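To start, the structure under review is shown below, and the notes come after it.
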Amino acid sequence: MKKQNITLALVSGFLFFSCYSHKKVLKEGLPYSKNISWPIGYNPSESDFFVPNEIHIKASPQVVWDVLIQAEKWQDFYKKAKGLDVQNATDGKLFLSAIFTWYPAGKFTSTIQKFEAPSEIAWSADDGKEGMAVYHAWKIIPTENGCKLITQESQNGPRTFWEKIFVPKMVKKHHQMWLE
């Protein structure tokens with residue numbers, strides 16, 4: 001009986017912590033998440049897990065855009081992009097409706113849903129097992145000294161629940177490394 005109470009207390013604590021941190025993260029993502037056309041179920045307040053990241057870059061939006069759309073070169077600076085293959089492009093660059101497979105956390109197939117040069121790109125992705133589905137959006141906002149690069153990801157699915165409970169900072173950390 002005591003063991004069950006301890007287990008229940010631990011699970012309750014994890015759930016409480018994840019709910020609290022999700023609300024805090026939703027606040028962090030504002031105001032940019034309001035300007036993204038999220039698919040149904042992926043609005044940060046509706047999703048199972050939401051991860052916002054941003055960085056200031058001393059480069060023009062066009063320079064950042066040109067790097068961002070060269071998906072097959074991401075692996076040169078982002079280890080989670082190993083094995084990335086843009087299936088319907090000969091030059092490895094993204095475009096509206098481009099499909100790419102990669103292995104950021106197991107195999108994912110991603111499809112570009114939004115492509116507005118040089119300011120916004122977004123894709124939907126899933127692991128093909130109904131364990132996790134993702135919507136990942138990027139915004140490039142001009143600033144006085146270059147631009148602000150924002151990336152936000154909403155996730156849904158059973159695998160997402162476990163990720164949010166046990167490794168909630170991992171995705172944010174990896175996305176920040178990608179930005180840097």
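Okay, here's what the table says:
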read-out: Region 73-101 - residue that is in contact with a Lys or Arg (Cβ under 8 Å, 6 or more places away or on another chain) and in contact (Cβ under 8 Å) with a residue 12 or more places away in the chain and, of those, most open to solvent (accessible area, probe 1.4 Å); value: LEU96
read-out: Answer residue from region 154-169, given it is among the hydrophobic types (A, V, I, L, M, F, W, C) and open to solvent by less than 70 Å² (accessible area, probe 1.4 Å) and is farthest from GLN70 (Cα to Cα) among those; value: ILE165
read-out: Scan of region 132-149 for residues that are open to solvent by less than 20 Å² (accessible area, probe 1.4 Å) and under 16 Å from TYR42 (Cβ atoms), ordered by number; value: MET132, VAL134, TYR135, HIS136, ALA137, TRP138
read-out: Answer from ILE121, ILE140 - the residue that is in contact with a helix residue (DSSP H, G or I) (Cβ under 6 Å, 6 or more places away or on another chain) and at pLDDT 95 or above; value: ILE140
read-out: Members of region 106-115 that are among the hydrophobic types (A, V, I, L, M, F, W, C) and either at pLDDT 95 or above or open to solvent by 40 Å² or more (accessible area, probe 1.4 Å) (or both); value: ILE112, PHE115
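The values are calculated or read from the model by the stated rules, or taken from the named source; none is laboratory data. Computed from a prediction, not measured in an experiment: that's the story for all the values here. Note: ideal-geometry Cβ built from the backbone for every residue, glycine included; neighbour counts use all protein chains shown. Note: areas computed on protein heavy atoms with side chains; ligands, DNA, RNA excluded. Shrake-Rupley method; radii C 1.70, N 1.55, O 1.52, S 1.80 Å.
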